[in-house]
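Below is one structure, written out as structure tokens, with a few remarks after it.
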Amino acid sequence: MSLYCGIACRRKSLWCYRLLSTYVTKTRYLLELKEDDDACKTAQQTGAFYLFHSLAPLLQKSEHQYLAPQHSLSELEKLLAKFGQDTQRIEDSVLLGCSEKHEAWFALDLVLNSSSPINASLQKPQMETELKASFIELRKALFQLNEKDASLLSTAQALLRWHDAHQFCSRSGQPTKKNMAGSKRVCPSNKIIYYPQMAPVVITLVSDGTQCLLARQSSFPKGMYSALAGFCDIGESLEEAVRREVAEEVGLEVERLQYSASQHWPFPNSSLMIACHATVKPGQTEIQVNLRELEAAAWFSHDEVATALRRNNPYTQQQNGTFPFWLPPKLAIAHQLIKEWVEKPTCSALPA
Ligand SMILES: NC(=O)c1ccc[n+]([C@@H]2O[C@H](COP(=O)([O-])OP(=O)(O)OC[C@H]3O[C@@H](n4cnc5c(N)ncnc54)[C@H](O)[C@@H]3O)[C@@H](O)[C@H]2O)c1
Ligand SMILES: [Mg+2]
């Protein structure tokens, strides 16, 4: 066991002791890597790297799934040398997490921040051949990844994008410097510290007790409906954001709400999706769709939603040219929220 476990956990059962100590030691190891550049550099020696090209992750196709290959430091050094890039570039990588055995995981974009980005772009097909894998847009691949890879690559893309967009201090205009783990950037002239940001977004499944309200934007794939979502305004609480978004988008007043779960979402930038169930007063269910934000919104019955959740092949166009009503894929928190409503009818009768 490690340095950190013990005292607090000793009185617990063996099972609890093991579970807690593994998680705690891992968390504290990661904290050390974020705070200590030398420790982080040492971790790179035995670490595993996920590769990106202009924010598209390197993936291997395996039947109906994508797998994210890992590369060791020596493999990465050889690759960079082969393509004429300085191995110093490895310091542009960002820390993503670590295994239970403290093998640290990093991500590096082979093009962003490169001193020779044009060369690197031209070399993309050769790199793919060399790596026996392809750089694929995360939006296209996310739903064909396993949960662990989806979460790691979403975090990686969000962090790499943030670093790319925060190269300069907004006060001094000077280049900022990333720490080894990539958990912050510092302006050398005025010491301002910049931390990676994400925008809080509320996503709300509104119910009237028997039906739920789903909506679609014109940018959604054809036939897909989802729960109402919206960015929190500065100064708002979660409750205020839910009430405002529901009022703005469909003209309804939320009576009660209950937090369900949250999820990091990488698109279009980094968001923290905060999912809630909400109810409106019976008899106050007439919707007025804000057509500047939504293409359509409607109430759906329990049976309609349960059937849509079981639908496997949503993109198939029907004979009359329309697309069947379908819901976001399993990995999206919208799916989890809708599934929860279908499986637990209590979600539509929230406590006061
Ligand atoms: N994971 C999921 O299940 C899931 C489901 C639905 C939506 N989403 C995500 O939720 C996000 C928000 O939903 P929405 O588009 O309906 O939001 P929205 O209703 O707030 O409308 C978007 C508009 O809000 C404004 N805005 C305010 N603050 C913003 C910020 N920080 N960043 C960008 N725009 C901001 C912009 O004018 C933008 O056009 C989307 O980006 C979408 O990807 C995720
Ligand atoms: Mg919205």
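Read the figures in this text as sums done on the coordinates, not as results from a lab. Bear in mind the structure is a predicted one, so any value in this text is a computation, not a measurement. Note: ideal-geometry Cβ built from the backbone for every residue, glycine included; neighbour counts use all protein chains shown.
Counting other beta carbons within 10 Å of each Cβ, put C276, C169 in order, fewest first.
Ranking C276, C169 by Cβ neighbours within 10 Å, fewest first, gives C169, C276.
Starting from the 7 Å offset along Cα-to-Cβ, what nm value, one decimal, do you get for the label separation of H264 and K101?
2.4
Suppose the Debye formula is applied to equal point scatterers at every Cα of the stretch 131-268; what is log10 I(q)/I(0) at q = 0.11, 0.17 Å⁻¹?
-0.62, -1.09
Can you pull out the trypsin sites (Lys or Arg not before Pro) in the stretch 187-245 whose DSSP state is coil and whose Cβ has at most 16 other Cβ atoms within 10 Å?
Taking the stretch 187-245 and a limit of 16 other Cβ atoms within 10 Å, the loop trypsin sites (Lys or Arg not before Pro) found are K191, K222.
Determine ³J(HN,Hα), in whole Hz, for all residues of the stretch 212-229 in sequence, where each value follows from phi through the Karplus function 6.51 cos²θ - 1.76 cosθ + 1.60 and θ = phi - 60°; x replaces Gly and Pro.
Each residue's phi maps through the Karplus curve to give 10, 9, 10, 9, 9, 9, 5, 7, 5, x, 4, x, 7, 10, 9, 6, 6, 10 Hz.
Once you've got the Cα coordinates, tell me which of K41/K82; K124/K184; K184/K222 are over 31 Å apart.
Where the Cα-Cα span goes over 31 Å, the pairs concerned are K184/K222.
Please work out the Cα convex hull volume for the stretch 46-165 and give it in Å³ per residue.
Measuring per residue, one finds 103 Å³ for the Cα hull of the stretch 46-165.
Tell me, V305, V342 in order of fewest to most beta-carbon neighbours within 10 Å?
By the 10 Å Cβ count, ascending, the order reads V342, V305.
For the stretch 26-32, what does the Karplus curve 6.51 cos²θ - 1.76 cosθ + 1.60, with θ = phi - 60°, yield as ³J(HN,Hα) per residue in whole Hz, taken in order and with x for Gly and Pro?
Rounded to whole hertz, the list is 5, 4, 6, 5, 5, 4, 4.
Once you place label points 7 Å from the Cα toward the Cβ at T27 and N146, how far apart are they in nm?
Taking the simple label geometry, T27 and N146 are separated by 2.5 nm.
Evaluate the distance, in nm, between pseudo-label points positioned 7 Å from the Cα of H64 and of S237 along their respective Cα→Cβ axes.
In this crude label model, H64 to S237 measures out at 4.5 nm.
Over the stretch 122-199, what portion of Cα pair distances is larger than 16 Å, expressed as a whole percent?
Pairs farther apart than 16 Å: 63 percent.
Which one, A298, A306, A165, has the greatest fluctuation when you compute a Gaussian network model over the chain with C-alpha springs under 10 angstrom?
A165
If I model the stretch 218-337 as equal point scatterers sitting on the Cα atoms and use the Debye formula, what is log10 I(q)/I(0) at q = 0.18 Å⁻¹?
-1.15
Aspartates and glutamates within cross-link reach of K61: Cα-Cα under 14 Å, excluding same-chain residues under 8 positions apart?
Counting by Cα, and skipping residues close in sequence, K61 has these aspartates and glutamates nearby: E128, E137, D149.
How long is the gain from N113 to S218 if the chain were fully straight, where each residue apart is worth 0.36 nm and the alpha carbon distance is subtracted?
That pair, N113 and S218, stretches by 34.4 nm at full extension.
Search the structure for amide H atoms under 5 Å from the amide H of A199, placed 1.01 Å from N in the peptide plane, and list their residues when 5 or more places away or on another chain.
S270, S271, L272
For the stretch 82-89, just list the computed ³J(HN,Hα) in residue order, Karplus coefficients 6.51, -1.76 and 1.60, θ = phi - 60°, integers in Hz, with x standing in for Gly and Pro.
For the stretch 82-89, the Karplus-derived couplings read 4, 9, x, 9, 6, 5, 4, 4 Hz, x marking Gly and Pro.
Pairing the Cα long axis of helix 147-165 with the longest principal axis of the chain, what angle in degrees results, from 0 to 90 and rounded to the nearest 10?
Around 70 degrees separate the two axes.
May I ask you to work out the translational diffusion coefficient for the chain at 10 °C, viscosity 1.306 mPa s, via Stokes-Einstein with Rh from the Kirkwood sum over Cα pairs, reported in whole µm²/s?
So the translational diffusion coefficient is about 69 µm²/s.
Pull out the extension gain between E253 and F83, defined as 0.36 nm times the separation in residues minus the alpha carbon to alpha carbon distance; nm, one decimal.
Gain in length upon complete extension: 55.3 nm.
Would you mind pulling out the separation of the Cα centroids of the stretch 79-108 and the stretch 119-176, in Å?
Computed from Cα coordinates, the inter-centre distance equals 12 Å.
Order by neighbour count: F267, F220, fewest other Cβ atoms within 10 Å first, most last.
F267, F220
Under 20 Å Cα-Cα from K339, which lysines qualify once same-chain neighbours fewer than 8 residues away are excluded?
Output for K339: K330.
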